[in-house]
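Notes follow once the structure below has been shown.
Computed from the coordinates by the stated procedures, all read-outs in this text should not be read as laboratory data. Here the structure is a predicted model, which means the values were calculated and not measured. Cβ: placed from backbone, ideal geometry, glycine included. Neighbour counts: every protein chain shown.
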Amino acid sequence: MRTLDRLAELPALVGQEVAVSDWLAVTQEQLLAGLKSAGATTVAAVAPAPVVKPEPAKPAGPQVIRIFGLDDGPREIVLR
């Protein structure tokens, strides 16, 4: 672990590991105790909403694609 004497030394360390430690397992009781000591009066558990991709809207009727080139003139592609 690296020790800094002044805060002004920190910008020179951007992109480098400064202080790395092992993961710390936190129990539900420890989490609630920390929230209580921070003054939280209520705790709500929020589950992330599932991601649902909407189906693209189907076009009404056939779709016509016109291709304009320099050769034999415009062409059409019809998608049904």
The chain: GluC sites (Glu not before Pro) falling in loop per DSSP and having at most 14 other Cβ within 10 Å:
GLU17
Kirkwood Rh over Cα pairs of the chain into Stokes-Einstein at 20 °C, 1.002 mPa s: D in µm²/s?
101 µm²/s
Vicinal HN-Hα couplings computed from phi for segment 24-37 (Karplus, 6.51 cos²θ - 1.76 cosθ + 1.60; Hz; Gly/Pro x):
10, 6, 10, 7, 4, 5, 5, 5, 5, 5, x, 5, 5, 5
Can you compute the modelled spin-label distance between ASP71 and SER37, with each label point 7 Å from Cα toward Cβ, in nm?
7.6 nm
With the 8 Å Cα cutoff and a minimum separation of six or more residues, the chain has a relative contact order in percent of 16 percent
